Amino acid sequence: AEYMGEIVIRSNLSTTLLRVMEEESTQLVSASTFPSTLLYGLKCYSISAFAACAAESTTFPLDTTKIRLQLQNEMGGAPVSNNNTSFSTVKKGMFRTAYDIANQEGYAALYKGYPSAIIRQLIYGGITMGLYHPIRTAVSSLGSSGNIDPQRAPLWQKIMSAMCSGAVGQFFASPTDVVKVRLQADGRLQLLGQTPRYRGTFDAFVRIPREEGMAGLTRGVWPSVQRAGLINGAGIATYDHSKQLVLEYAGWGESVWTHVTASLISGLVAAIVSCPLDVVKTRLMNQPVGSTMYSGTVDCLRKTVASEGVFALWKGFAPTYARLGPWQLVFFITYERLSKDFLGSNF
């Protein structure tokens, strides 16, 4: 009995020592792999930024068309500049607007503001997806014990994670968005025989803070942050969740059809949810210095609905979805491919 007791004691002691050694080994590995963790984060950021730039390049003409549609008949044809110039009240659709831009201003006009859009995606795209996974992991582990699979987290946790990452990304990228919107809207002035406000992207980055102060580059920052939160909350979270459902029920595995289906669903949801704030963001960012047309987000919403009707908040919905659908498609397929090649895992 004494011999058996000694064996049990030695066995328990060995188990304890092994556990302590494993814990110490884990701590040492964690400390020594910090450079690897940093490299992994940089890879995530780079992959996301590259995928966002690819998507932006593919769909940018539709974004220009959307901006023009959202500014169409602003305030029911009321003046939109300090010289009391009114724009035409003839309503146009997506295809006619795109055709008129290309026909009257040249095809290059469809890519006005493109450099600032790419700069924006290098900031916004990288931050958004770079933060989403860590935030999702942190949110899914709150109030839980044991190992949690973040991919199977509830939809509301994915929405919260995506909204947070999108809002942070847009906050830092907002100045590039102001420049992009201004350049895309400038073509209307040319049609009226007026001189465009800016000669190009660099000129806009220099003149806006010089003429309006640094506040000029943050015009519409809060509606743009809110919009980015909504787009990411609806888009990224919907892609994440719908992809898991497709994987579970369709049985397609990690195939291109799974990614295409989830991307198109996420684009539709994101377009429906974000369009009203997108209209507000566009109008606030396009306001010239000293303009008192809108005092803020709520004022812009109220005046737009009062003068143009509630459906004015979904102006440009067709090009919004025509852009967001392919945008999400190109982004997620590119991201999935690069993530698998360089990180060894899918979304």
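The values are calculated or read from the model by the stated rules, or taken from the named source; none is laboratory data. Predicted model, so just to flag it, every value in this text is computed and none were measured. All Cβ positions, glycine included, derive from the backbone under ideal geometry; neighbour counts span all protein chains shown. Please note that ligands, DNA and RNA were not included when accessible areas were found on the heavy atoms of the full protein model with its side chains. Shrake-Rupley method; radii C 1.70, N 1.55, O 1.52, S 1.80 Å.
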Checklist entry - Per-residue accessible area for TRP156 at 1.4 Å probe radius, Å² rounded to 10? => result 140 Å²
Checklist entry - Looking at this model, which pairs from LYS92/LYS112; LYS66/LYS340; LYS281/LYS340 are more than 29 angstrom apart at the alpha-carbon? => result LYS66/LYS340; LYS281/LYS340
Checklist entry - With all protein chains present and a 1.4 Å probe, how do LEU42, LEU264 order by accessible area, largest first? => result LEU42, LEU264
Item to check | Probe 1.4 Å, all protein chains present, accessible-area order of TYR239, TYR99, largest first | outcome: TYR99, TYR239
Checklist entry - How much net charge surrounds GLN104 when only the other residues with a Cβ under 14 Å from the Cβ of GLN104 are counted, with Lys and Arg +1 and Asp and Glu -1? => result +2
Checklist entry - Using a ≥ b ≥ c from the Cα gyration tensor of region 179-316 (square roots of the eigenvalues), is it rounded, prolate or oblate, where a/c under 1.5 gives rounded and otherwise the larger of a/b and b/c decides, a/b for prolate? => result prolate
Checklist outcome for this item: For region 118-181, dividing by residue count, accessible area per residue (probe 1.4 Å) in Å² works out to 43 Å²
